[in-house]
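The values are calculated or read from the model by the stated rules, or taken from the named source; none is laboratory data. Every value quoted in this text rests on a predicted model; they were computed, and no experiment measured them. Don't worry about glycine lacking a Cβ; one is built from the backbone with ideal geometry, like all the others, and counts go over all protein chains shown. For accessibility, only protein heavy atoms count, side chains too; no ligands or nucleic acids. Shrake-Rupley method; radii C 1.70, N 1.55, O 1.52, S 1.80 Å.
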Amino acid sequence: MELLDLIKQRQSVRRYTSQPVEKDKLERCLEAARLAPSASNSQPWSFIVVDQPALKDKVAKLTYDNIIVFNKFVPQAPVLVVFVIEKPKKITQIARFIKKIDYPKIDIGIAAAHFCLQAAEEGLGTCMLGWFREKPIKGLLNIPDDKKIGLIIPIGYFPEDYPLREKIRKKFDEVVKYNAYSP
């Protein structure tokens, strides 16, 4: 598939079948994330694959509650991948301090985009989650206190009748400027 077609096809999936995700497909997604570029090649990430059903359900239930209900679909996914932010190289830490830019969070986003695009290529659905109860999830997964969870991504097959939604984006001319900023 052409990359731009794949980008147009990829969407946040919020309904999954119970079909297991094949290990080779999952590992290609993880490899795509691992190969993502990062500031000073710090690669400030590790990925925790949560595929044991009981543990996966416990983590999934920590992505929503009685008030925040928009992630209630997460338990349907057969696998969750937790993106942990690791300590970057010293040069990136210095740059973050000087420039006031959190490069590891940017890097996690790039890795997640690679992961999700590869998943779409594999015929799998994903949805990047930034809303979750971090502390209890860290406890369940033995993530050290000094680490942060950047994202959690459910991954799995979506039903055949799942609609491909039209992407609602700003017009090209609204976001692309040549040579100078213009309103």
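Residues are listed down the side, and each one gets a yes or a no for (1) among the acidic types (Asp, Glu); (2) on the phi > 0 side of the Ramachandran plot:
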residue: Cys116; (1), (2): no, no
residue: Ala119; (1), (2): no, no
residue: Thr126; (1), (2): no, no
residue: Gly130; (1), (2): no, no
residue: Arg133; (1), (2): no, no
residue: Asn142; (1), (2): no, yes
residue: Glu174; (1), (2): yes, no
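Selection of the stretch 10-38 for residues being crowded, with 19+ Cβ neighbours inside 10 Å and either touching a His at 6+ places or on another chain (Cβ under 9 Å) or within 19 Å of Lys72 (Cα to Cα) (or both) yields Val13, Tyr16, Cys29, Ala32, Ala33.
Scoring Ala60 on the criteria (1) buried (at least 19 other Cβ atoms within 10 Å of the Cβ); (2) within 20 Å of Glu122 (Cβ to Cβ); (3) among the hydrophobic types (A, V, I, L, M, F, W, C); (4) touching a strand residue (DSSP E or B) at 6+ places or on another chain (Cβ under 8 Å) leaves a single failure, condition (2). The number of residues in the stretch 63-74 being open to solvent by less than 70 Å² (accessible area, probe 1.4 Å) and of a type in the set (A, V, I, L, M) comes to 2. Scanning the stretch 152-183 for residues that are surrounded by 10 or more Cβ atoms within 10 Å (Cβ to Cβ) and free of Cβ contacts under 8 Å to residues at least 24 places away in the same chain gives a single hit, Lys177.
Highlighted here are the helices (runs of 4 or more DSSP H) found entirely within the stretch 74-183 that include at least 3 residues which are at pLDDT 95 or above and either within 25 Å of Ser38 (Cα to Cα) or of a type in the set (Gly, Ala, Ser) (or both): 103-121, 134-140. Only one entry in Thr92, Thr63 is of a type outside the set (Phe, Trp, Tyr), under 22 Å from Trp131 (Cα atoms) and touching a residue at least 40 places away in the same chain (Cβ under 8 Å), namely Thr63. Across the stretch 8-61, the number of residues qualifying as in a helix (DSSP H, G or I) and modelled with pLDDT of 95 or more comes to 21. Of all the numbered requirements in (1) of a type in the set (A, V, I, L, M); (2) open to solvent by 50 Å² or more (accessible area, probe 1.4 Å); (3) within 18 Å of the chain's Cα centre (by Cα), Ile85 misses one, and that requirement is (2).
Out of Ile149, Ile106, Ile110, which single residue is open to solvent by less than 50 Å² (accessible area, probe 1.4 Å) and either more than 23 Å from Lys58 (Cβ to Cβ) or touching a residue at least 60 places away in the same chain (Cβ under 8 Å) (or both)?
Ile149
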